[in-house]
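J.: Sharing a structure here in structure tokens format.
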Amino acid sequence: MTDKLIIFDTTLRDGEQSPGASMTRDEKLRIARQLERLKVDVIEAGFAASSNGDFEAVRAIAQAVKDSTVCSLSRANDRDIARAAEALAGANRARIHTFIATSPLHMEKKLRMTPEQVYEQARQSVRFARNLCGDIEFSPEDGYRSDVDFLCRVLEAVIEEGATTINVPDTVGYAVPELYGEFIRTLRTRIPNSDKAIWSVHCHNDLGMAVANSLAGVKIGGARQVECTINGLGERAGNCSLEEVVMAVKTRRDYFGLEVDIDAKHIVAASRMVSQTTGFVVQPNKAVVGANAFAHASGIHQDGVLKARDTYEIMRAEDVGWSNNKIVLGKLSGRNAFKQRLQDLGVELESETDINAAFARFKELADRKSEIFDEDILALVSDESVASENDQYGFVSLSQHSETGEVPRASIVFTVGGKEVRSQSDGNGPVDASLKAIEAHVNSGAEMVLYSVNAISGSTESQGEVTVRLQNSGRVVNGVGADPDIVVASAKAYLSALNKLQSKADRVAAQG
Ligand code: KIV
Ligand code: ZN
């Protein structure tokens, strides 16, 4: 019998800690549903005690997700743990993940605690958590830079108190594969009750080795859980990327000898969803989910692949969710074909009313664009493209004029609280003029910290997908807009970001 490798996804917690990647409750819920479709074993939904927004997001996910275990992070104190338990109360399967730093540097400089105090707090917290939940994960933060004797004492104690998973974070991405693998093996060998817990790896990517380190923790160290995020999203250089670790274990089953339950055909949709929601664009040469990951440009490669696919391909693009059939629908396509394509893409709309609204947006797009690709459909049904009744601002229409040697000028009509307003401005270019026209009326005072345009399906005929990141009073939000006209896409993205700045209560983890 082969062992199973547990996939623990922390896109919604550690991934969200990336500056600018904060998500609303509804965005998190949508991603959680996609993670469940992917058959992720454990979804870390957030950090319930960190804010009311995060509490609500964990609670909503705990209630909605049926097949995956839903987890909340908590510091090692009774208040945080009780809050996590409360948020998880509705879950089919719940896990509390509690942590405290154990490295000399973190204990002395950050916590200002002695090792003895940390030892006691870790022990008591796990005891307290175990009374509230049967599934407890413990993490010694900065574990990899901790003194190994001290770490063994702490981990033995928390297993004795009932921790069921022990996770060993390389919090600052300092590890190298062989040493990290040996580190996990040493802990498992030296701790007398180590067999009572599942061992887990959690690696950051500061030196670009998060996936390699995680796999070494599995292969050399015997870990049976990997913590990872979609697209490797996460603070600084990110976390171990789910798609890479999963496809490494699946593709090299001969070497790892492990089963993963992940349904890989949903990987690309999950990647797009996370990228669209956060505005973190996936680099084209990113393994598995990058636009070029399966593209063969050189003549020799193309010739080889046509003769026998495995000459240059170790995985099949369609197995991870890339579709062969790129042109999917056009203006003559009917509602049933549209509905079927949504199903094929793994998109579940809540009601017939939502399907009808999405179909109307599809028809409107098909009038302006002859070929509709999967990417267009996904953009059409993304949260961002669906106006919510709580939105303060809505796009109506735009005209702009730019000509060589002339100052570009834009005039825009948009709604504020349901009422149409018109505003005009000059700018450096048509996009600049349009956004200045909005700002001239709204006066948000927000600073733009990112503006990016991505051609959704790779040609000049495609829709432009624009991400605008705004910062105001310490809060950072992303707005995304898609349209064949990139000036319109930019205006939609800007209005979407303003709506998010507006809806304070909805923001899950505003970052300061
Ligand atoms: O990187 C880290 O140490 C963490 C822990 C809270 C698990 O994310
Ligand atoms: Zn982390």
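J.: Evaluate the following for ASP135: is it among the charged types (D, E, K, R) and surrounded by 18 or more Cβ atoms within 10 Å (Cβ to Cβ)?
T.: Values: among the charged types (D, E, K, R): yes; surrounded by 18 or more Cβ atoms within 10 Å (Cβ to Cβ): yes.
Yes; evaluated as a whole, the condition is true for this residue.
J.: How many residues are touching a residue at least 40 places away in the same chain (Cβ under 8 Å) and more than 16 Å from ligand 2 (Cβ to nearest atom) when one looks only at region 127-140? Outline the logic, then answer.
T.: Residues of region 127-140 that are touching a residue at least 40 places away in the same chain (Cβ under 8 Å), as a first pass: 128-129, 132-133, 135-140.
Within this subset, residues satisfying the condition of being more than 16 Å from ligand 2 (Cβ to nearest atom) are 128-129, 132-133, 135-136.
Qualifying residue count for the region: 6.
J.: On the given criteria, is ILE314 modelled with pLDDT of 90 or more and under 29 Å from MET23 (Cα atoms)? Don't jump to the end; show me each part of the working.
T.: On the way: modelled with pLDDT of 90 or more: yes; under 29 Å from MET23 (Cα atoms): no.
So ILE314 does not fit the description; no.
J.: Give all pairs with beta carbons closer than 6 Å in which a residue from region 8-33 that is under 22 Å from THR165 (Cα atoms) meets a residue that is away from ligand 2 (no atom under 16 Å from the Cβ) and part of a loop (DSSP other than H, G, I, E, B); count only pairs at least 6 apart in sequence or on separate chains.
T.: From residues that are under 22 Å from THR165 (Cα atoms), the pairs are ASP9/VAL40; ALA32/VAL65.
J.: Do we have any residue at all in region 484-507 that's within 23 Å of the chain's Cα centre (by Cα), part of a strand (DSSP E or B) and of a type in the set (Asp, Glu)?
T.: No.
J.: A further question on this structure: Looking at region 141-165, which of the residues that are within 16 Å of ligand 2 (Cβ to nearest atom) and touching a strand residue (DSSP E or B) at 6+ places or on another chain (Cβ under 7 Å) is farthest from LEU207 (Cα to Cα)? Spell out the reasoning first.
T.: Keep residues of region 141-165 that are within 16 Å of ligand 2 (Cβ to nearest atom), which gives 141-146, 165.
Add one more test, that the residue is touching a strand residue (DSSP E or B) at 6+ places or on another chain (Cβ under 7 Å), and what stays is 141-144, 146, 165.
Working: GLU141: 18, ASP142: 16, GLY143: 17, TYR144: 14, SER146: 19, THR165: 26 Å.
Residue satisfying both the conditions and the ranking: THR165.
J.: While we're on this one: Would you check if there is a residue in region 183-204 being within 13 Å of ligand 2 (Cβ to nearest atom), outside any strand (DSSP E or B), of a type outside the set (Gly, Ala, Ser) and modelled with pLDDT of 95 or more? Reasoning before the result, please.
T.: Initially, region 183-204 is screened for residues within 13 Å of ligand 2 (Cβ to nearest atom), giving 200-204.
Imposing the further condition that a residue be outside any strand (DSSP E or B) reduces the set to none.
No, region 183-204 contains no residue that is within 13 Å of ligand 2 (Cβ to nearest atom), outside any strand (DSSP E or B), of a type outside the set (Gly, Ala, Ser) and modelled with pLDDT of 95 or more.
J.: Could you count how many residues in region 212-224 are buried (at least 23 other Cβ atoms within 10 Å of the Cβ) and touching a strand residue (DSSP E or B) at 6+ places or on another chain (Cβ under 6 Å)?
T.: Going through region 212-224 one residue at a time, the tally reaches 4.
J.: Looking only at region 215-245, count how many residues are farther than 15 Å from SER271 by Cβ, within 12 Å of ligand 2 (Cβ to nearest atom) and among the small types (Gly, Ala, Ser). Even if it seems obvious, please write down each step before you answer.
T.: We begin by selecting, within region 215-245, every residue farther than 15 Å from SER271 by Cβ; these are 215-227, 235-237.
Subsequent filtering for residues that are within 12 Å of ligand 2 (Cβ to nearest atom) retains 227, 235-237.
Remaining after also requiring among the small types (Gly, Ala, Ser): 237.
Qualifying residue count, region 215-245: 1.
J.: Cβ-Cβ distance below 7 Å, separation of 6 or more or different chains: which pairs start in region 38-67 with a residue that is in the same structural domain as LEU12 (by TED's automatic domain parsing) and end on one that is aromatic (Phe, Trp, Tyr) and surrounded by 24 or more Cβ atoms within 10 Å (Cβ to Cβ)?
T.: Sorted first by the residue in region 38-67, then by its partner, the pairs are ASP41/PHE8; VAL42/PHE8; GLU44/PHE8; ASP54/PHE47.
J.: Give just the number: which of (1) loosely packed, with under 15 Cβ neighbours inside 10 Å; (2) touching a residue at least 40 places away in the same chain (Cβ under 8 Å); (3) assigned to a loop (DSSP other than H, G, I, E, B) does VAL449 not satisfy?
T.: Of everything listed in (1) loosely packed, with under 15 Cβ neighbours inside 10 Å; (2) touching a residue at least 40 places away in the same chain (Cβ under 8 Å); (3) assigned to a loop (DSSP other than H, G, I, E, B), VAL449 misses just condition (3).
J.: Out of (1) within 14 Å of ligand 1 (Cβ to nearest atom); (2) closer than 21 Å to CYS203 by Cβ; (3) touching a helix residue (DSSP H, G or I) at 6+ places or on another chain (Cβ under 6 Å), what's the single condition that is false for ALA48?
T.: (2)
J.: Which condition does ALA358 not pass, out of (1) among the aliphatic types (A, V, I, L, M); (2) more than 22 Å from THR467 (Cβ to Cβ); (3) modelled with pLDDT of 85 or more; (4) not in a loop (DSSP other than H, G, I, E, B), if it passes all the others?
T.: Here ALA358 meets the rest and fails (2).
J.: Quick one: is LEU470 among the hydrophobic types (A, V, I, L, M, F, W, C) and assigned to a helix (DSSP H, G or I)?
T.: Details: among the hydrophobic types (A, V, I, L, M, F, W, C): yes; assigned to a helix (DSSP H, G or I): no.
Taking the combined requirement at face value, the residue does not satisfy it.
J.: Something else: If you check VAL249, VAL176, VAL168, which single one turns out to be within 14 Å of ligand 2 (Cβ to nearest atom), assigned by TED's automatic domain parsing to the domain that holds ALA269 and either of a type in the set (S, T, N, Q) or modelled with pLDDT of 95 or more (or both)?
T.: On the way: VAL249 fails: within 14 Å of ligand 2 (Cβ to nearest atom); VAL176 fails: within 14 Å of ligand 2 (Cβ to nearest atom).
Unique residue meeting the criteria: VAL168.
The values are calculated or read from the model by the stated rules, or taken from the named source; none is laboratory data. Note that the structure is a prediction, hence the values are computed from the model and not measured. Ideal geometry is used to build each Cβ from the backbone, glycine not excepted, and the neighbour counts take in all protein chains shown.
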